[in-house]
Amino acid sequence: MRAHRESNVDLLLRAEAPDSVSANRGQITQPTLGERRARFQQYLGATRFTEYIDVVPPVVRVSADGSLGWVIVQVRAAGMQTTQQGSSQPLAFESAWIELYERRGGDWYRVGNVSNFKP
C-alpha cells in the first residue's frame with residue numbers, strides 16, 4: 001500500500017520473484033521482472049493517489065510447514081492520472097486480489113497474483 005501511495009516501484013517489487021505468474025483479465029502471464037518493473041514504473045509514474053486503503057482487513061495465511069503463504073486484499077483507490085497526451089484525469093477503482101508467497105532461502109517472495117476490479 002505504501003508503495004502505491006509513494007509511487008515507489010522498488011518498494012512494490014522488493015519481494016517479487018523473477019518467476020512470478022499472474023492471472024487477470026482472463027489471461028495467465030509470466031512477465032519478466034524487467035517487464036513488470038517497466039509496467040509499474042509507467043503506472044505509478046503517471047498516478048498520484050489521494051486514497052489507497054483497505055476496504056476490509058487483509059486475510060493472511062501461512063502453510064503449516066512455513067514454506068507457502070497467501071494474502072487476499074480488497075482496496076479502494078482514488079487520485080489523478082496523467083494520460084499519454086499529458087492531461088490529467090481522475091482515477092478511482094476498487095479491486096481485490098490474492099498474492100501467493102513462497103519462502104526461498106529464508107526470505108519470502110511473491111510468486112503469484114490473481115486480481116480483479118469491481119465493475
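Derivation of every value follows stated rules applied to the coordinates shown; laboratory data play no part. Nothing here was measured: the structure is a model prediction, and the numbers come from that model. So basically every Cβ, Gly included, is an ideal-geometry build from the backbone, and we count neighbours across all protein chains shown.
Pairs please, first residue from the stretch 1-28 and in contact (Cβ under 8 Å) with a residue 40 or more places away in the chain, second anywhere and in a loop (DSSP other than H, G, I, E, B), Cβ atoms under 9 Å, 6+ apart in sequence or on different chains.
Once the first residue is in contact (Cβ under 8 Å) with a residue 40 or more places away in the chain and sits in the stretch 1-28, its partners that are in a loop (DSSP other than H, G, I, E, B) give ALA3/ARG14; ASP19/GLN30; SER20/GLN30; SER20/PRO31; VAL21/GLN30; SER22/GLN30; SER22/PRO31.
May I ask you to list the residues in the stretch 77-115 that are more than 21 Å from VAL56 (Cα to Cα), surrounded by fewer than 16 Cβ atoms within 10 Å (Cβ to Cβ) and among the aliphatic types (A, V, I, L, M)?
Answer for the stretch 77-115, where residues must be more than 21 Å from VAL56 (Cα to Cα), surrounded by fewer than 16 Cβ atoms within 10 Å (Cβ to Cβ) and among the aliphatic types (A, V, I, L, M): just MET80.
Restricting attention to the stretch 93-119, which residues are farther than 16 Å from TRP70 by Cβ and part of a strand (DSSP E or B)?
As a first pass, look at the stretch 93-119 and keep what is farther than 16 Å from TRP70 by Cβ: 93-95, 105-107, 117-119.
Once the filter is applied, which keeps residues that are farther than 16 Å from TRP70 by Cβ and part of a strand (DSSP E or B), the stretch 93-119 yields PHE93, GLU94, SER95, ASP107, PHE117.
So which residues in the stretch 12-44 are surrounded by 13 or more Cβ atoms within 10 Å (Cβ to Cβ) and part of a helix (DSSP H, G or I), if there are any at all?
The answer is LEU12, LEU13, LEU33, ARG36, ARG37, ALA38, PHE40, GLN41, TYR43, LEU44.
Only one of (1) within 22 Å of GLY69 (Cα to Cα); (2) surrounded by 14 or more Cβ atoms within 10 Å (Cβ to Cβ); (3) in contact with a helix residue (DSSP H, G or I) (Cβ under 7 Å, 6 or more places away or on another chain) is not met by SER7, so which one is it?
For SER7, the exception is condition (1).
Report yes if some residue within the stretch 66-80 is without any contact (Cβ under 8 Å) to a residue 24 or more places away in the chain and either farther than 15 Å from SER115 by Cα or hydrophobic (A, V, I, L, M, F, W, C) (or both); otherwise report no. If you could, list the steps in order and put the result at the bottom.
Applying the first criterion (without any contact (Cβ under 8 Å) to a residue 24 or more places away in the chain) to the stretch 66-80 yields 74.
Remaining after also requiring either farther than 15 Å from SER115 by Cα or hydrophobic (A, V, I, L, M, F, W, C) (or both): none.
No, because not a single residue in the stretch 66-80 is without any contact (Cβ under 8 Å) to a residue 24 or more places away in the chain and either farther than 15 Å from SER115 by Cα or hydrophobic (A, V, I, L, M, F, W, C) (or both).
Just to be sure I understand the filter: pairs with C-beta atoms under 8 Å, separated by 6 or more residues or on different chains, first member in the stretch 34-46 and of a type in the set (Gly, Ala, Ser), second member loosely packed, with under 13 Cβ neighbours inside 10 Å and not in a helix (DSSP H, G or I). Which pairs pass?
From the stretch 34-46, the pairs are ALA46/THR83.
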